[in-house]
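Throughout, read-outs are computed from the coordinates displayed, never taken from laboratory work. These numbers were taken from a predicted model, which means no experiment stands behind them. Because the Cβ atoms are built from the backbone with ideal geometry, glycine has one as well, and the counts that use them run over all protein chains shown.
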Amino acid sequence: MTPLIDIVFLLLIYFMLASSFVERGEMEIQLPKAALSQARAERPVSIRITREGRLFLGAEEVVPARLKARLDAFPGEVKRRGIEIAADRRAPVETLVLAMDAAKGAGFATAAVTTLRENSRVPGP
C-alpha cells in the first residue's frame, strides 16, 4: 500500500503543473471589448493600468514620471517585440495616453492595447 504522503506529494505536483500563473491576477483589471482582438505569439513587455490610474510595469508599480526612464532601460531586442498595455476600461484615458507616449519615446516598435473579444464575458458592472 502506498503511504499517504506519497499521494499528497503527487497531487501537489499535479496541481502545481496544471495551474496557470497569471500576472493579471494580482490586480483587478476589467479590459474593454473589441470585435477583432487577437492573441500575440511572443510575450512583450506589459504595462497594466488599474481603475484608479496606477501603473504597473510587470508586477512592479511605477510612478508616471519614471515610466519612460524604466522603459528606456530595456534592450533593443525587447523593444522590437513591442509593448502590451492593459488598461481597466474605467481607467483615466490620460494615463493610457501617457503610457503609449512613454513607450513610443523609449523606442518600442509597437504598442498594443489589450482587449477582450466582444463575445467574452466580463465580470462587474
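Sorted fewest first by neighbouring Cβ atoms within 10 angstrom, Ile5, Ile85 come out as Ile5, Ile85. The gain in end-to-end length when the Leu17 to Glu60 segment is fully stretched comes to 13.0 nm, 0.36 nm per residue minus the alpha carbon separation.
As a proxy for reagent exposure, Phe74, Phe9, Phe108 were ordered by neighbouring Cβ count within 10 angstrom, fewest first; the result is Phe9, Phe74, Phe108. Taking amide H atoms as placed 1.01 Å from N in the peptide plane, the amide H of Val45 lies under 5 Å from those of Glu84, each 5 or more residues away in sequence or on another chain.
Computed extension gain for Asp6 through Thr110, at 0.36 nm per residue and net of the alpha carbon distance, reaches 32.5 nm.
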